[in-house]
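The structure under discussion appears below in the form of structure tokens.
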Amino acid sequence: MTTWVRDSGLWPRGQEKIDWARRFMPVTTALGDELHRARTVAGLRIGLSLVLEPKTANLALSLARAGADVSVVCRAVNTRDDIAAALVRAGICVFARSDADSATERRQALEFVNRRHHIIVDDGARMIRLAHAEHSDVLDSTIGASEETTSGLRPLREMEREGRLRLPVIAANDARSKTLFDNEYGTGQSTVCTIADLLGVALTGKLVAVAGYGYVGRGVARSASALGATVTVAEIDPVKALEAVHAGYRVAPLAEAAADADLLISATGFAHTVDIEHLLALPDGAAVAVAGGVDQEIAIAAVLDAGAARRTVADRVEQFLLPNGRTILVLDNGGCINCTAGEGNPIEIMDLSFGVQLLAVEHLATRGEELAVGVHPLPDTADARVARAKLDSAGIRIDIGGQAR
């Protein structure tokens, strides 16, 4: 079995973390058991392109226990080497190591794509787009894919509009059991807590600017406010801006919001959201980070080309000397801060998201051949199954058709 790991001897530590996470993942466990009993995915090659940490490891193991031939790929910045080692020991093919350079990451990705998966579960649509761009022949054996991020669905929908998409894709991100909890509560909490830990500060009394008021932006604003910060929201959608006003936040253009911010957090998933003008507007000593996100959501390359200088001042914290003479702090090179520098979203939140992904895989395995090329919603029944599994695990009863259950 071809695989890439940094140190196979790390597996005991990784397995301990995986086992710990599983204790808090009743939805993934229950739905994975259903797939196992039904033999729905038995014999299928399923590829996961996700952040490689204990929670996603349990998703991979659930699919493997259900009989799938599972492989996992991950960028270096999002790879936990002990988890990779534990998965390899469990018989899962892994293309990930934390010390991989860009050339190695590309080789890993190409080997992953060349496994000719029947189903791909993607984060950011990286592997789906790579297969289309450079190895479209592998798509001949692909039933379909599932995408779990807002930023990943955007390019896939553009490919669909332009007639370039060649397979059905389930928009797992848009499922209510994912978006309402993962994007808003999970990413909001984990982003703000990770930033506070990296900076070593309390947010009480701090001025925080949040770019974007989608589900992630709402969660970031709520979490920052809960920790005592005064939040200003920047938003280009007038309805979302009005929603932020009704939630009690100040609303202003991003350059204006940045001008007095102690901390600027981008939550849009668009490159150059925080552009040079916004970086130059920040006060001396302010920090900037990304929640979720895409490459260059903070325009780091552009500001360096404009004459900025950078130096590392702490773990995953760089100080940038800007052309206007001010210094700012950029956290973890503008990466998805809660995943690159933190432990990702809370286990209980990701348990719901991975329940959604298991049902997306089930839908593709059972109905994928009937789906037209394009981006498809996950059926509402899947949301109900995920929510029901969580409620049942917590012993919570609700009314159904006039009767309590």
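From the list VAL303, VAL313, the one residue that fits, being over 20 Å from the mean Cα position of the chain (by Cα) and outside any strand (DSSP E or B), is VAL303.
Listed residues LEU364, LEU359, LEU352; which is touching a Gly at 6+ places or on another chain (Cβ under 7 Å) and either at pLDDT below 95 or in the same structural domain as ASP122 (by TED's automatic domain parsing) (or both)?
Values: LEU359 fails: touching a Gly at 6+ places or on another chain (Cβ under 7 Å); LEU352 fails: touching a Gly at 6+ places or on another chain (Cβ under 7 Å).
Result of the check over LEU364, LEU359, LEU352: LEU364.
Do we have any residue at all in segment 327-336 that's touching a helix residue (DSSP H, G or I) at 6+ places or on another chain (Cβ under 7 Å), of a type in the set (A, V, I, L, M), over 26 Å from GLY188 (Cα atoms) and not in a helix (DSSP H, G or I)? Within segment 327-336 (the criterion being touching a helix residue (DSSP H, G or I) at 6+ places or on another chain (Cβ under 7 Å), of a type in the set (A, V, I, L, M), over 26 Å from GLY188 (Cα atoms) and not in a helix (DSSP H, G or I)), the answer is no, since none of the residues qualifies. Scanning segment 186-201 for residues that are assigned to a helix (DSSP H, G or I) and more than 13 Å from the chain's Cα centre (by Cα) returns GLN189, VAL192, CYS193, THR194, ILE195, ALA196, ASP197, LEU198, LEU199.
Please list, ordered by residue number, the helices (runs of 4 or more DSSP H) wholly in segment 225-292 having 2 or more residues that are closer than 21 Å to VAL192 by Cα and touching a Leu at 6+ places or on another chain (Cβ under 8 Å). Before you say what the answer is, go through the steps one by one.
Details: elements: 238-246, 254-259, 276-281.
Passing ranges, in order: 254-259, 276-281.
Taking into account only those residues within segment 338-349 that are at pLDDT below 95 and assigned to a helix (DSSP H, G or I), which is surrounded by the fewest Cβ atoms within 10 Å (Cβ to Cβ)? Applying the filter and picking the extreme gives THR340.
Of all residues in segment 82-127, those satisfying the criterion of being within 21 Å of the chain's Cα centre (by Cα), outside any loop (DSSP other than H, G, I, E, B) and of a type in the set (Lys, Arg) are ARG106, ARG126. Taken over segment 350-374, the criterion of being crowded, with 19+ Cβ neighbours inside 10 Å and β-branched (Val, Ile, Thr) is satisfied by VAL356, VAL361.
For segment 133-151, give me each residue that is out of contact with any helix residue (DSSP H, G or I) (no Cβ under 7 Å at 6 or more places or on another chain) and either in a helix (DSSP H, G or I) or closer than 24 Å to GLY212 by Cβ (or both). If you could, list the steps in order and put the result at the bottom.
Of all residues in segment 133-151, those out of contact with any helix residue (DSSP H, G or I) (no Cβ under 7 Å at 6 or more places or on another chain) come to 133-134, 136-137, 140-142, 151.
Across segment 133-151, the qualifying residues are ALA133, GLU134, SER136, ASP137, ASP140, SER141, SER151.
Restricting attention to segment 61-75, which residues are in contact with a helix residue (DSSP H, G or I) (Cβ under 6 Å, 6 or more places away or on another chain), part of a helix (DSSP H, G or I) and either not hydroxyl-bearing (Ser, Thr, Tyr) or not assigned by TED's automatic domain parsing to the domain that holds THR29 (or both)? Within segment 61-75, just ARG65 meets the criteria.
Being in contact (Cβ under 8 Å) with a residue 40 or more places away in the chain and surrounded by fewer than 24 Cβ atoms within 10 Å (Cβ to Cβ) narrows it down to one residue among LEU44, LEU59, LEU63; which is it?
On the way: LEU59 fails: surrounded by fewer than 24 Cβ atoms within 10 Å (Cβ to Cβ); LEU63 fails: surrounded by fewer than 24 Cβ atoms within 10 Å (Cβ to Cβ).
Just a single option satisfies the conditions, and that option is LEU44.
The values are calculated or read from the model by the stated rules, or taken from the named source; none is laboratory data. Just so we're clear, the structure is a prediction, and the values are computed from it rather than from any experiment. So basically every Cβ, Gly included, is an ideal-geometry build from the backbone, and we count neighbours across all protein chains shown.
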